[in-house]
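Below you'll find the structure, written out as structure tokens, and then a few comments.
The values are calculated or read from the model by the stated rules, or taken from the named source; none is laboratory data. Computed from a predicted model, the values in this text were never measured in an experiment. We place every Cβ from the backbone using ideal geometry, glycine too, and count neighbours over all the protein chains shown. Ligands, DNA and RNA are stripped out before the accessible areas are found, and what is left, the full protein with its side chains, is counted by its heavy atoms. Shrake-Rupley method; radii C 1.70, N 1.55, O 1.52, S 1.80 Å.
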Amino acid sequence: MSTAPVTEASIERSRALLRTCREAGVDTFTGVPCSFLRSLFQLLEKQQECRYVPVAREDIAVAFAAGCWTGGSIAGVAIQNSGLGTTINPLTSLAIIYRVPLLMVIGWRGEPGTTDAEEHEVMGPASPRVLEDIGVPTFVLRADDGDVVASALETARRDRRPVAILVPRGVLD
């Protein structure tokens, strides 16, 4: 992950995201670093209010979050959408069928209408459809819309299911 400085605005949005998560009962975050979520990961590494457990793969993050639920807490999962494919099995054979509420914060590389590296040309446009096809309610976090996190968490808790927030470039990086 890049160590370049992040903007104060993205840091404040990450603080607000974590505050909303904590207020909704999310006490743990796990994940695989993503440059689009750089300020979130920097904050997770420094703060003490929410346990942060880094993992090596996205599927491990989803399985870990499901384990947190069986232990009595709700976890957040922060990943890049290039790793979304590896989450399909633990989402569909564990989190969805066993009704595990978890929040996936996903850096949205290759968002349609943006320029990004070639390796994101396929998964970028496909990410919302992949999540929709497996039944994961999906939200998009824009720089000016802080209510998205609260809405996503309410859906996760109410429906006892994983939810995803796609985060485009410039929001948390």
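Out of these labelled values of Cα Rg over 2.2 N^0.38 Å, (1) 2.64; (2) 0.93; (3) 1.21, which was calculated from the coordinates shown here? Among (1) 2.64; (2) 0.93; (3) 1.21, the one calculated here is (2).
Computed over region 68-136, relative contact order equals 34 percent, with contacts defined as Cα pairs under 8 Å that lie 6+ residues apart. Considering helices alone, the calculated mean residue ellipticity of the chain at 222 nm is -12000 deg cm²/dmol, with DSSP H runs of length four and up weighted by -39500 (n - 2.57) and normalised per residue. Charges were assigned to the Cβ only: +1 to each Lys and Arg, -1 to each Asp and Glu. The resulting dipole of the chain about its Cα centre is roughly 540 debye. Given their separation in residues at 0.36 nm each and the Cα-Cα distance between them, Val140 and Asp159 gain 5.0 nm when the chain is fully extended. Of the GluC sites (Glu not before Pro) found in region 84-173, those in coil by DSSP whose Cβ has at most 14 other Cβ atoms within 10 Å are Glu121. For the chain, the fraction of 1.4 Å probe accessible surface lying on carbon and sulfur atoms is 51 percent.
Averaged per residue, the chain has 46 square angstrom of accessible surface, using a 1.4 angstrom probe with ligands and nucleic acids left out.
How high is the relative contact order of the chain, in percent, counting Cα pairs under 8 Å that sit 6 or more residues apart? Reported as a whole number, the value is 27 percent. In this simple spin-label approximation, Val53 and Glu132 carry label points 7 Å from Cα along the Cα→Cβ vector, and these lie 3.3 nm apart. Estimated at the nearest 10 Å², the accessible area of Leu94 is 60 Å² with a 1.4 Å probe.
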